[in-house]
Amino acid sequence: AHRPLSPLEPIHWRIGGSHGTRIENMDINRFLRDGLEGTCDLSVFGLEHYNEDDPLPAGVRVPAFWGPPPSSSSSSSSSSSTPSDVWRFRDLTDHLRRCYADTLSLEYQHLEGEHERMWLEERFEGRFQAMSSMVTPEMRSAALLHLLRADQLEIFFGQKFPSAKRFGVRGLEALLPCLWALTERGSQLGVEQMQLGMAHRGRLNVLVNFLGKRLSEVCNEFSEQLDFLGDMKYHLGTRGSVSIDGREVCLTLAPNPSHLEAVNPVVLGMTRAKQDYDGDTEKLRTMALLIHGDAAFSGQGIVAECLQLADLPEYSTGGTIHIVLNNNIGFTTDPRAARSSYHCTNVAKVNDAPIIHVNADDVDAVLFAAVLAAEYRQALRKDIVIDLVGYRRLG
């Protein structure tokens, strides 16, 4: 039977770590019964004599970074005799459901390093306490502006060039706020240059609304008859720069052929060359960012080859941030006919890269994923993947 498809692909996970509690070894897939219904089946752990509203047994603790239980805000108006700071079974499942089964989720239990797992776990499960500092009102206002610009540009191209190939970003407009948030957080952590590579989807929007290419140039290139153009408009690269709080970040988008993912090793080579030339031995000042399509990420062997080179001393760039524009279709191919793995990002597990799955319709979640990816790359110098799950609109 065909497995169901959904913009919110459910994530399979298992809580682990060394917090010294029984909770950490529970199989949460079994704990959240019937595909995330409002009740949980405690019998699978031999806890059927407890009710969902009972407090956790003595000796079972939750990590401090979780903060207060979700029910604490409403406990004052409740008739329950349970103190507001005591975790109940229902609080446990509600918190884990919010963390891992909402519009944002994380695959990280395949990582071999315990330190990396705990680093991600603390930030991911404690994000509701830190969200106000990680996703500020200023970031939300800027994200709205980037969304509007991205959408209006696609509308303009559709009206001005209705019959031309555009490979629009509609359905995944959150890519633009994601790129800006990632660049802003990266600059705060020492990034001075970003080397980008991407295929056709969304490229024109990124060129104009992120790298600052003049719209008049892009419009002229739509004729595709100019002798000096030399290539298709959505193959061309450019250079630009952005200033964030007085810090300048230089951006370079490499030219890209029609062969999907062929630009990946080129971008990684450019990044490593700049790091060596600038004496960036810690690989903190120059960062590689690769933007993929979902079908190409799972289907092109060059992706796995680049992932395997990621941690080799003579090839490493100190970690690459991968953004997968997952519109659930590969040109005309349904995901069920395109790959054997459940997620298109499973190939990234080959080199212990954590994978953040985020619904592109939840911009706050996208901003958090971008900030977390930048922090992970700068702190641990390893690859990380953002699976931006959306849809394709208007071809």
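The values are calculated or read from the model by the stated rules, or taken from the named source; none is laboratory data. Since we're looking at a predicted model, the values are computed, not measured. Neighbour counts are summed over all protein chains in view; Cβ atoms, including those assigned to glycine, are modelled from backbone coordinates with ideal geometry. Accessible surface areas use protein heavy atoms only, side chains included; no ligands, DNA or RNA. Shrake-Rupley method; radii C 1.70, N 1.55, O 1.52, S 1.80 Å.
For LEU104, state whether it is modelled with pLDDT of 80 or more and in contact with a helix residue (DSSP H, G or I) (Cβ under 6 Å, 6 or more places away or on another chain).
Yes, satisfied.
Restricting to the stretch 327-359, count the residues that are aliphatic (A, V, I, L, M) and modelled with pLDDT under 90.
Summing the residues that are aliphatic (A, V, I, L, M) and modelled with pLDDT under 90 in the stretch 327-359 gives 4.
Please enumerate the residues belonging to the stretch 332-364 that are of a type in the set (A, V, I, L, M, F, W, C) and either touching a helix residue (DSSP H, G or I) at 6+ places or on another chain (Cβ under 7 Å) or open to solvent by less than 10 Å² (accessible area, probe 1.4 Å) (or both).
Of everything in the stretch 332-364, those that are of a type in the set (A, V, I, L, M, F, W, C) and either touching a helix residue (DSSP H, G or I) at 6+ places or on another chain (Cβ under 7 Å) or open to solvent by less than 10 Å² (accessible area, probe 1.4 Å) (or both) turn out to be ALA338, CYS344, VAL347, ALA348, VAL350, ALA353, ILE355, ILE356, VAL358, ALA360, VAL363.
Might you let me know whether the stretch 304-326 holds any residue that is modelled with pLDDT under 90, assigned to a helix (DSSP H, G or I) and open to solvent by less than 20 Å² (accessible area, probe 1.4 Å)?
Checked against the condition, which is being modelled with pLDDT under 90, assigned to a helix (DSSP H, G or I) and open to solvent by less than 20 Å² (accessible area, probe 1.4 Å), the stretch 304-326 yields no hits at all.
Would you tally the residues in the stretch 330-360 being part of a strand (DSSP E or B) and hydroxyl-bearing (Ser, Thr, Tyr)?
Residues in the stretch 330-360 being part of a strand (DSSP E or B) and hydroxyl-bearing (Ser, Thr, Tyr): 1 in total.
Any residue in the stretch 154-167 that's within 13 Å of GLU221 (Cα to Cα): show its pairings with residues that are modelled with pLDDT under 90 and outside any loop (DSSP other than H, G, I, E, B) at Cβ separation under 6 Å, as long as the two are six or more apart or on different chains.
ARG166/PHE157
What pairs come up if the first residue lies in the stretch 103-128 and is farther than 17 Å from ASP383 by Cβ and of a type in the set (S, T, N, Q), the second is open to solvent by less than 30 Å² (accessible area, probe 1.4 Å) and part of a strand (DSSP E or B), and their beta carbons are under 8 Å apart, counting only those six or more places apart or on different chains?
Partner pairs satisfying both residue conditions: THR103/VAL358; THR103/ASN359; SER105/ILE356; SER105/HIS357; SER105/VAL358.
What number of residues in the stretch 243-271 are modelled with pLDDT of 90 or more, within 26 Å of GLN188 (Cβ to Cβ) and open to solvent by less than 70 Å² (accessible area, probe 1.4 Å)?
Residues meeting the conditions: 10.
Please pick out the residue among ILE321, ILE302, ILE291, ILE355 that is of a type outside the set (Ser, Thr, Tyr) and in contact with a Ser or Thr (Cβ under 9 Å, 6 or more places away or on another chain).
Result: ILE355 is the single residue among ILE321, ILE302, ILE291, ILE355 that is of a type outside the set (Ser, Thr, Tyr) and in contact with a Ser or Thr (Cβ under 9 Å, 6 or more places away or on another chain).
Find all pairs meeting these conditions: Cβ atoms under 7 angstrom apart; at least six residues apart or on different chains; first residue within the stretch 289-303 and in a helix (DSSP H, G or I); second residue of a type in the set (Lys, Arg).
SER298/ARG339; GLY299/ARG339
Specify the residue that is modelled with the lowest pLDDT; the eligible residues are those in the stretch 87-101 that are open to solvent by 10 Å² or more (accessible area, probe 1.4 Å) and part of a helix (DSSP H, G or I).
ARG97
From the list ALA379, ALA360, pick out the single residue that is under 18 Å from the mean Cα position of the chain (by Cα) and within 16 Å of LEU176 (Cβ to Cβ).
ALA360
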